[in-house]
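Everything below concerns the one structure shown next.
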Amino acid sequence: MPYQLLDIITYDAAVKDLSVEVAKAKATKAELLLPICKLNDGKLMFQELVKQRWEPMIINPGGPATYEHDFIKRWASTASSSCPWCVGRSQAADDQDPREISHAKFTSDQFDLDAGFTFEAMLIAAHARLAAKSTKPDALMEALRKVRIDNHVIIGGPIEFDAKGQNPNIQIAALENFNRKPTVVLPAASADGQLVFPPPGWNDKRRT
């Protein structure tokens, strides 16, 4: 990639304060911060970013935190996340968006990639069982090898498995948090919102 990596700063995941680490990162004068963090240390990190008035571009390259519901409730920002995500409708759910179904029953919960992968795991198991017409392991494994599911909830092509048992068609989405909600902004074909770039500062009114 055409950029210079200025530093890699590690810390204990059970840390209670990240003031030193953020100060060290700020001292590099980096334009881009790539935080790989969990929920609690993500909160600590953003708390220090605001406190120390450092406003780099922030892209989470695949970890949790910045798209999690408990994080967004406190830190309304357009911090970007790159991860698989749920988009579109699924005929497997009677042509209804499973996010809408979930929200109707669990209004305070977020239908995110964990829920999406759980939904698809059950969908795959059901397809294999119907195709195998059996619960015998060998029959189910053979059915799984031949699975192809075009209608599903995670962004990407059809669900199918290669020789290593991996789904090569899954894609990564770029998310930004708008109105306390992770929103797909890329790829454009699956976007629910418009990419904001460069990201606004901490006091910008676009941070809603």
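Before anything else, pin down the relative contact order of the chain: Cα pairs under 8 Å, at least 6 apart, normalised by residue count, whole percent. Please list the in-between numbers first.
Working: 316 pairs, mean separation 38.5, N = 208.
Answer for the chain is 18 percent.
Rounded to the nearest 20 Debye, what is the dipole magnitude of the chain about its Cα centre when Lys and Arg each give +1 and Asp and Glu each give -1 at the C-beta? Don't jump to the answer; show the numbers that get you there.
Working: 25 positive and 26 negative charges, 56 e Å.
The dipole magnitude comes to about 260 debye.
Per DSSP H run of n ≥ 4, the term is -39500 (n - 2.57); total these for the chain, divide by its residue number, and report the mean residue ellipticity at 222 nm rounded to 500 deg cm²/dmol. Show your work: numbers first, answer last.
Numbers: 6 runs with 65 residues, N = 208.
About -9500 deg cm²/dmol.
Among Ile159, Ala128, Ile170, whose Cα projects farthest towards the positive end of the dipole of the range 87-170, with charges put on the beta-carbon of Lys, Arg (+1) and Asp, Glu (-1)?
My answer, from the dipole projection, is Ala128.
Once the Cα atoms of helix 113-132 and of the chain are each reduced to a long axis, what angle between those two axes, in degrees from 0 to 90 to the nearest 10, is obtained?
10 degrees
Pop the C-beta distance of Ala188 and Glu142 into the FRET formula with R0 = 45 Å and round what comes out to the nearest 0.05. Kindly include the intermediate steps, with their values, before the conclusion.
Numbers: r = 38 Å, r/R0 = 0.85.
E(calc), rounded to 0.05, equals 0.70.
Candidates [x] 0.98; [y] 1.00; [z] 1.04; which is the computed Rg/Rh (Cα atoms, Kirkwood Rh)?
After the calculation, the listed value that fits is [z].
Report, in whole Å, the centroid distance computed from the Cα atoms of the range 90-164 and the range 36-71.
31 Å
If packing is taken as the average count of other Cβ atoms within 10 Å, what order do 144-153, 15-24, 163-172 fall into, highest mean first? Please list the in-between numbers first.
On the way: 144-153: 16.0, 15-24: 14.2, 163-172: 11.9.
By packing density, highest mean first, the sequence is 144-153, 15-24, 163-172.
Considering Cα pairs under 8 angstrom that are at least six residues apart, work out the relative contact order of the range 87-170 and quote it in whole percent. Don't skip to the answer; put the middle values down first.
Details: 93 pairs, mean separation 21.7, N = 84.
After rounding, I find 26 percent.
Of the peptides 193-199, 118-124, 182-188, how do they stack up when ordered by the mean number of other Cβ atoms within 10 Å, highest first?
Values: 193-199: 14.0, 118-124: 16.3, 182-188: 18.0.
So the peptides 193-199, 118-124, 182-188, ranked by packing, come out 182-188, 118-124, 193-199.
Which FRET efficiency value, to the nearest 0.05, is calculated for Ala13 and Asp114 with the Förster distance at 22 angstrom and r the Cβ-Cβ distance? Can you show the working numbers first?
Numbers: r = 19 Å, r/R0 = 0.85.
Efficiency, from the Cβ-Cβ distance: 0.75.
Since every read-out is calculated from the coordinates, none of them should be taken as a lab result. Owing to the predicted nature of the structure, the values given are computational and were not obtained by experimental measurement. With ideal geometry, Cβ positions are generated from the backbone for all residues, glycine too; neighbour counts draw on all protein chains shown.
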